[in-house]
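*Asks:* Next up is a structure, given as structure tokens.
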Amino acid sequence: MSPLPFSLLLRRCRFIDHASSEDLVDIAIQGGQITEIAPQLPQSADQEIDVRGQLVSPPFVESHIHLDSALTAGQPRWNQSGSLFEGIEIWRDRKQTLTLEDVKERAIATLKLQASQGVLFVRTHADVSESTLTALQALLEVRQVVKDWMTLQVVAFPQDGIYSNPKNDVLLEEALARGADAVGGIPHYELTREDGVCSVQRIFELAAKYDRLIDVHCDEIDDDQSRFLEVMAACALRSDLGPRVTASHTTAFGSYNNAYALKLMNFLQRTQMNFIANPLINITLQGRTDTYPKRRGITRVKELWRNGLNVSLGTDCIQDPWYSLGTGNMLEAAAMAVHVCQMTGVDEINACYDMVTTHGAKTLKLLDGYGVEVGKPANLIVLDARDRYDAIRRRATVRYVISQGKLLAQTEPPATQWHGDEM
């Protein structure tokens, strides 16, 4: 008996780039790749799924998360002020008790939670400010454990700053030597502005030396005089590394006066840097010292997008010292961006969806390995929705998650039974 031509066949798919059309397609998968996309394919497969006109999309991309601290909310105490800096102090205490198994167990549990909701590509930051590098080593091991169903990038992140302690610079470089995918930093948390500038320059130096990507926690503060984004822009222009550089958070950008912001935007356009906003976290962390009116505490997402810069979204935290809530659902991040950034036009809503899919793929430099196209790896999701707008509006259930050509997870949407007419 000859083998069937396909291992998996998705029938009657509403392709995301043609969501307004009533023309449905079949998607055929073999050997972990998408081999055909066409209406009503006559062949059969080992496994067939009738999508019934639901939305087929590339998988979600988690551009910014801290897996080493995930699922630690309340350990050793709760963040009562809700501030960024109390969270850092709590984490400083908690990370003294980290073990490899502790970090790995929580990280894998979090990744499974996200994968079940359609996330198949993740960039995580690993705190490299503790001398044993336990968090980093654990996440490097997790990267290997999950590689058959999840692509994980690890950023070496000095949570306490590069120059706040003489050992941190050495630890950061050691993390890159061990195999971290990107180099990070936190210039606004260095002891002085001069140290912050030096930290950005050091990050670019290390990225060039080890041929790594750059992802910096930049200006995550309400201080309108925190201006390390301009330093990053200058370094990106002088090094010609722009597309490999990411500025995360940049919440102070929302507090800059417009004259300065417009000048800076021009420089940023020249760099073609990437930006990551974390609307769930920063709408709660920032503005804590404001009375009224309170700032939204998020970077200029709409303006960056309108000026052609690549913006993606992250959840940042899932039940940790900075954010005790969170489920890892990227549609929650997209929906929050719609509201907080006032992106309620149809094109803007669609853009917020793209910020958790294709824009995130560009940030992570996934290049040719991402997208629902013939010849590409068969990573895709099926949502209980008709289009991007519908998916965000209803926080649509991800019905099926296909990872590397195999069905990884399946979820049934909640069903309501109406009994009001019987009363």
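*Asks:* Mind checking which pairs have a first residue in the stretch 330-345 that is touching a residue at least 24 places away in the same chain (Cβ under 8 Å) and in a loop (DSSP other than H, G, I, E, B) and a second that is hydrophobic (A, V, I, L, M, F, W, C) and crowded, with 21+ Cβ neighbours inside 10 Å, Cβ under 6 Å, 6 or more apart or different chains?
*Replies:* Listed by first residue and then by second, the contacts come to 341/301; 343/352.
*Asks:* Please verify whether residue 376 is surrounded by fewer than 21 Cβ atoms within 10 Å (Cβ to Cβ), more than 24 Å from residue 273 (Cβ to Cβ) and in contact with a strand residue (DSSP E or B) (Cβ under 6 Å, 6 or more places away or on another chain), treating the condition exactly as stated.
*Replies:* Against the criterion (surrounded by fewer than 21 Cβ atoms within 10 Å (Cβ to Cβ), more than 24 Å from residue 273 (Cβ to Cβ) and in contact with a strand residue (DSSP E or B) (Cβ under 6 Å, 6 or more places away or on another chain)), residue 376 qualifies.
*Asks:* Let me ask something else. Quick check on the stretch 324-354: of everything there that is of a type outside the set (A, V, I, L, M, F, W, C) and more than 16 Å from residue 305 (Cα to Cα), which residue is surrounded by the fewest Cβ atoms within 10 Å (Cβ to Cβ)? Reasoning before the result, please.
*Replies:* Of all residues in the stretch 324-354, those of a type outside the set (A, V, I, L, M, F, W, C) come to 324, 326-329, 332, 339, 342, 344-345, 347-348, 350, 353-354.
The next check asks that each one be more than 16 Å from residue 305 (Cα to Cα); those that pass are 324, 326-329, 332.
Numbers: 324: 16, 326: 23, 327: 14, 328: 23, 329: 22, 332: 20.
Once the filter is applied, the top-ranked residue is 327.
*Asks:* Would you say residue 336 is aliphatic (A, V, I, L, M), within 23 Å of residue 17 (Cβ to Cβ) and in the same structural domain as residue 182 (by TED's automatic domain parsing)?
*Replies:* no
*Asks:* Now a separate question. Could you identify the single residue in 19, 38, 28, 45 that is crowded, with 17+ Cβ neighbours inside 10 Å, free of Cβ contacts under 8 Å to residues at least 40 places away in the same chain and of a type in the set (A, V, I, L, M)? I'd like the intermediate steps shown before the answer.
*Replies:* Numbers: 19 fails: free of Cβ contacts under 8 Å to residues at least 40 places away in the same chain; 38 fails: crowded, with 17+ Cβ neighbours inside 10 Å; 45 fails: free of Cβ contacts under 8 Å to residues at least 40 places away in the same chain.
After applying the criteria, what remains is 28.
*Asks:* Report whether or not residue 362 is surrounded by fewer than 18 Cβ atoms within 10 Å (Cβ to Cβ) and either assigned by TED's automatic domain parsing to the domain that holds residue 268 or among the aromatic types (Phe, Trp, Tyr) (or both).
*Replies:* It is false that residue 362 is surrounded by fewer than 18 Cβ atoms within 10 Å (Cβ to Cβ) and either assigned by TED's automatic domain parsing to the domain that holds residue 268 or among the aromatic types (Phe, Trp, Tyr) (or both).
*Asks:* Kindly indicate which of 277, 247, 261, 236 is over 27 Å from residue 68 (Cα atoms) and crowded, with 22+ Cβ neighbours inside 10 Å.
*Replies:* Testing whether each residue is over 27 Å from residue 68 (Cα atoms) and crowded, with 22+ Cβ neighbours inside 10 Å leaves just 236.
*Asks:* Do the conditions hold for residue 188, that is, is it at pLDDT 95 or above, in a strand (DSSP E or B) and of a type outside the set (Lys, Arg)?
*Replies:* No, not satisfied.
*Asks:* Assess whether residue 397 counts as being of a type outside the set (Lys, Arg), surrounded by 22 or more Cβ atoms within 10 Å (Cβ to Cβ), out of contact with any Gly (no Cβ under 7 Å at 6 or more places or on another chain) and modelled with pLDDT of 95 or more.
*Replies:* Considered against the rule, which asks whether it is of a type outside the set (Lys, Arg), surrounded by 22 or more Cβ atoms within 10 Å (Cβ to Cβ), out of contact with any Gly (no Cβ under 7 Å at 6 or more places or on another chain) and modelled with pLDDT of 95 or more, residue 397 comes out as no.
*Asks:* Let me ask another. Just to be sure, is residue 57 under 15 Å from residue 380 (Cα atoms) and either surrounded by 16 or more Cβ atoms within 10 Å (Cβ to Cβ) or in contact with a Cys (Cβ under 7 Å, 6 or more places away or on another chain) (or both)?
*Replies:* yes
*Asks:* Same structure again: Sort through 143, 92, 123, 106 and tell me the only one that's over 22 Å from the mean Cα position of the chain (by Cα) and of a type outside the set (A, V, I, L, M, F, W, C).
*Replies:* That would be 92, the only listed residue that is over 22 Å from the mean Cα position of the chain (by Cα) and of a type outside the set (A, V, I, L, M, F, W, C).
*Asks:* Moving to a separate point now. Find the strands (runs of 3 or more DSSP E) located wholly in the stretch 217-320 whose residues include 1 or more that are free of Cβ contacts under 8 Å to residues at least 60 places away in the same chain, farther than 21 Å from residue 182 by Cβ and not assigned by TED's automatic domain parsing to the domain that holds residue 202, and list them.
*Replies:* Answer list for the stretch 217-320: none.
*Asks:* Could you tell me whether residue 406 is among the basic types (Lys, Arg), surrounded by 14 or more Cβ atoms within 10 Å (Cβ to Cβ) and in contact with a strand residue (DSSP E or B) (Cβ under 6 Å, 6 or more places away or on another chain)?
*Replies:* no
The values are calculated or read from the model by the stated rules, or taken from the named source; none is laboratory data. These figures come from a predicted structure and were not determined experimentally. Cβ atoms come from the backbone with ideal geometry, glycine included; neighbour counts cover every protein chain shown.
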